[in-house]
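A.B. asks: Would you mind keeping the following structure in view while I ask a few things?
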Amino acid sequence: MNLVKVKNHEEMSEQACRIVLDKVSSLPSPVLGLATGSTPERLYELLIDQYNRKAVSFAHTTTFNLDEYVGLDKTHSNSYRYYMENQFFKKIDIQKSHTYVPNGTGDDLEQECLHYEKLITDAGGIDLQILGLGLNGHIGFNEPGTSFSTKTHVVDLEFTTRKANARFFRSAKEVPHQAITMGIETILQSKQILLLVSGKQKAEALQRLFYGDATEEFPASVLKNHSNVTIIADEAAGVPGTARSLSNRK
Ligand code: GLP
């Protein structure tokens, strides 16, 4: 794993923006894996800026989002489809039919998972997957204990995950209990992975990722088994290998 140490969330987003732009500019039909949450919000803004300056076009880009809540349709302001439309897709020139987010409202969610896997395969796989890091080490919505060999599947969300995400909802009770997520194996099949880590609330998870073994009890640790992973972490997250990282662990 290649670690890039940056000062803050802004610098993390700028570095990530450069990596995404390089990928999109260097491939005829790039396929990006996208994440939601607070971490990549600024990255999307910077990419939109670059698009407005005509420095990049997404006309030939295809995207696959990591996950979606079960039961929230695309018009629900907390659905990840809604997030992506409003924070990114509708502000760039991507073809809507080339943007994929799992559908958490279908009648047959198992079928939806199989279909999502097939769509990724048919697109030729993901060239660059952007990931955030859950407080409990989850990637996508793969909670601790998830087998490293899972493909896209339905998950029961941990109480801690629902609590962490309650800040986006009017009340904690509204946070869905289930989600569809790309599996760990799906994520690991991406050709390149970019993990973004920002904020002191992520310090403990980042330390564990860096110094712990690869174990299904800590999903992000699977990234140790991939040959092209870049982690961009800011000072508040306690960049491993520095005195600051240890003092920030609390
Ligand atoms: C959420 C999402 C993940 C995200 C992570 C971190 O639950 N399912 O895809 O990367 O948790 O979120 P945040 O960036 O808001 O800290």
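A.B. asks: Just one of (1) touching a Leu at 6+ places or on another chain (Cβ under 6 Å); (2) more than 16 Å from the ligand (Cβ to nearest atom) trips up ALA35, so point out which.
C.D. replies: (2)
A.B. asks: Let me ask something additional. Just to verify a result, which residue in the range 167-185, among those that are at pLDDT below 95 and of a type in the set (Gly, Ala, Ser), is nearest to SER221 (Cα to Cα)?
C.D. replies: ALA172
A.B. asks: Scan the range 69-94 for residues that are of a type in the set (Val, Ile, Thr) and surrounded by fewer than 17 Cβ atoms within 10 Å (Cβ to Cβ) and report the count.
C.D. replies: Within the range 69-94, residues that are of a type in the set (Val, Ile, Thr) and surrounded by fewer than 17 Cβ atoms within 10 Å (Cβ to Cβ) number 1.
A.B. asks: Examine the range 114-130 for a residue that is within 14 Å of the ligand (Cβ to nearest atom) and closer than 27 Å to LYS23 by Cβ, and state whether such a residue exists.
C.D. replies: yes
A.B. asks: Here are the criteria: (1) without any contact (Cβ under 8 Å) to a residue 24 or more places away in the chain; (2) out of contact with any Asp or Glu (no Cβ under 8 Å at 6 or more places or on another chain). Tell me which single one GLN129 does not satisfy.
C.D. replies: (1)
A.B. asks: If you don't mind, another one. Which residues, counting only those in the range 95-131, are in a loop (DSSP other than H, G, I, E, B) and either surrounded by fewer than 21 Cβ atoms within 10 Å (Cβ to Cβ) or of a type in the set (D, E, K, R) (or both)?
C.D. replies: Once the filter is applied, which keeps residues that are in a loop (DSSP other than H, G, I, E, B) and either surrounded by fewer than 21 Cβ atoms within 10 Å (Cβ to Cβ) or of a type in the set (D, E, K, R) (or both), the range 95-131 yields GLN95, ASN103, THR105, GLY106, ASP107, ASP108, ALA123, GLY124, GLY125, ASP127.
A.B. asks: Collect the residues in the range 132-147 that are part of a loop (DSSP other than H, G, I, E, B), open to solvent by less than 40 Å² (accessible area, probe 1.4 Å) and within 11 Å of the ligand (Cβ to nearest atom), keeping them in residue-number order.
C.D. replies: Within the range 132-147, GLY132, LEU133, GLY134, ASN136, GLY137, HIS138, GLY140, PHE141, GLU143 meet the criteria.
A.B. asks: For the range 155-183, give me each residue that is open to solvent by 40 Å² or more (accessible area, probe 1.4 Å), of a type outside the set (Asp, Glu) and either touching a residue at least 60 places away in the same chain (Cβ under 8 Å) or in contact with a strand residue (DSSP E or B) (Cβ under 9 Å, 6 or more places away or on another chain) (or both).
C.D. replies: PHE168, HIS177, GLN178
A.B. asks: Condition first: among the hydrophobic types (A, V, I, L, M, F, W, C) and more than 16 Å from the ligand (Cβ to nearest atom). Now tell me which residues in the range 52-96 satisfy that.
C.D. replies: ALA55, VAL56, PHE58, ALA59, PHE89, ILE92, ILE94, listed by residue number.
A.B. asks: Using the structure shown, decide if THR152 is in contact with an Asp or Glu (Cβ under 8 Å, 6 or more places away or on another chain), open to solvent by 10 Å² or more (accessible area, probe 1.4 Å) and closer than 28 Å to ASP73 by Cα.
C.D. replies: Criteria met by THR152.
A.B. asks: Considering only residues that are under 18 Å from LEU135 (Cα atoms) and either without any contact (Cβ under 8 Å) to a residue 60 or more places away in the chain or among the β-branched types (Val, Ile, Thr) (or both), look in the range 184-203 and name the one that is surrounded by the fewest Cβ atoms within 10 Å (Cβ to Cβ).
C.D. replies: Among those that are under 18 Å from LEU135 (Cα atoms) and either without any contact (Cβ under 8 Å) to a residue 60 or more places away in the chain or among the β-branched types (Val, Ile, Thr) (or both), it is LYS200.
A.B. asks: May I pose another question? Conditions: (1) modelled with pLDDT of 95 or more; (2) open to solvent by 10 Å² or more (accessible area, probe 1.4 Å); (3) farther than 18 Å from MET182 by Cβ; (4) within 12 Å of the ligand (Cβ to nearest atom). LEU43 meets all but one. Number of the miss?
C.D. replies: Of everything listed in (1) modelled with pLDDT of 95 or more; (2) open to solvent by 10 Å² or more (accessible area, probe 1.4 Å); (3) farther than 18 Å from MET182 by Cβ; (4) within 12 Å of the ligand (Cβ to nearest atom), LEU43 misses just condition (2).
A.B. asks: To continue, here is another question. If a residue must be within 12 Å of the ligand (Cβ to nearest atom) and more than 18 Å from the chain's Cα centre (by Cα), how many such residues does the range 170-199 contain?
C.D. replies: 2
The values are calculated or read from the model by the stated rules, or taken from the named source; none is laboratory data. Being a predicted model, the structure only gives us computed values, none of them experimental. Note: ideal-geometry Cβ built from the backbone for every residue, glycine included; neighbour counts use all protein chains shown. Each accessible area value is taken on the protein alone, full model and side chains, heavy atoms only, with ligands, DNA and RNA left out. Shrake-Rupley method; radii C 1.70, N 1.55, O 1.52, S 1.80 Å.
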